[in-house]
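Below is one structure, written out as structure tokens, with a few remarks after it.
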Amino acid sequence: MKDTLRQSANLFSVLIALAVNVLASTLPLNGQNTGEISDRFPVYFVPTGYVFAIWSVIFIGWIAFAIYQFQPSQKESPRLRRLGYLFALSGLANAGWLFCWHYNQFGLSVLVMLLLLGLLIASYLRLDVNRLPVSAAERWSVDIPISVYLGWITVATVANITAWLYLIEWNGFGISDPAWAVIMLVVASVLGVAMAITRRDAGYLSVMVWAFIGIAVKQTSAPMVVNTAWIAAALMAGLIVYSLIRRTRSG
């Protein structure tokens with residue numbers, strides 16, 4: 001009974017999150033488009049518009065996970081039992097963030113985004129992504145969707161916090177906005193290096209490449225940011241190759 005409840009919670013969470021994401025764009029919620037709200041904040045750690053198409057990939061990952069984990073053969077999976085309700089809660093957090101963002105509750109949106117990031121990190125660790133041998137079906141339905149989702153929410157969290165800091169007119173300790181963007185790119189790159197060394201996670205790194213190129217394309221008015229973003233993207237691309245080679249040799 002507990003396993004059925006967990007499987008159902010994951011499925012319904014995906015349905016709710018998908019519905020809210022669709023409504024956010026089609027209604028849109030509070031008469032505002034998600035990207036239009038983002039464009040109000042002239043911050044430098046935000047990629048150009050086409051980059052947000054990654055949500056289509058994330059949505060497909062959600063659906064793949066929901067279907068895979070709902071199969072009778074996965075009902076008593078020890079790995080999915082360890083995951084518990086973390087994924088289901090992440091779907092609710094995602095939907096909650098959209099309401100905060102669209103109704104201009106930007107400070108609250110930061111807290112919800114941090115909650116979402118924490119749930120995804122916990123999910124990633126409980127599933128022990130890229131460290132346990134799994135079937136191809138499980139890799140594409142569980143590991144890769146979680147990796148891609150975590151990668152994007154890592155980027156989105158930084159962008160969300162940066163937008164909120166702009167809103168409250170934080171002076172950045174006297175450091176210029178472009179310089180802060182460079183610092184954030186360096187920090188994100190360090191996370192990418194860590195993921196390559198410890199997890200060989202090409203999915204997570206691919207999101208970094210996608211986001212960093214998007215930042216370089218958008219922030220043409222800040223050459224320092226553009227150059228750093230291109231260098232970071234090249235580094236992440238190299239780490240993808242490294243990760244794939246290491247995975248091939250080890251497995």
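Odds and ends about this structure:
- For segment 1-90, Kirkwood radius (reciprocal of mean inverse C-alpha pair distance, Å): 15.1 Å
- Put simply, the Cα atoms of segment 2-250 extend 55, 47, 28 Å along their principal axes, the longest span coming first.
- Extension gain, Val193 back to Tyr242 (0.36 nm per residue minus Cα-Cα distance, nm): 16.6 nm
- The label-point distance for Leu167 and Lys2, in a model that sets each label 7 Å from Cα toward Cβ, rounds to 4.0 nm.
Each reported figure results from applying straightforward, stated rules to the coordinates on display, with no laboratory input. Note that the structure is a prediction, hence the values are computed from the model and not measured. Counting neighbours? That spans all protein chains shown, and the Cβs are built from the backbone with ideal geometry, glycine included.
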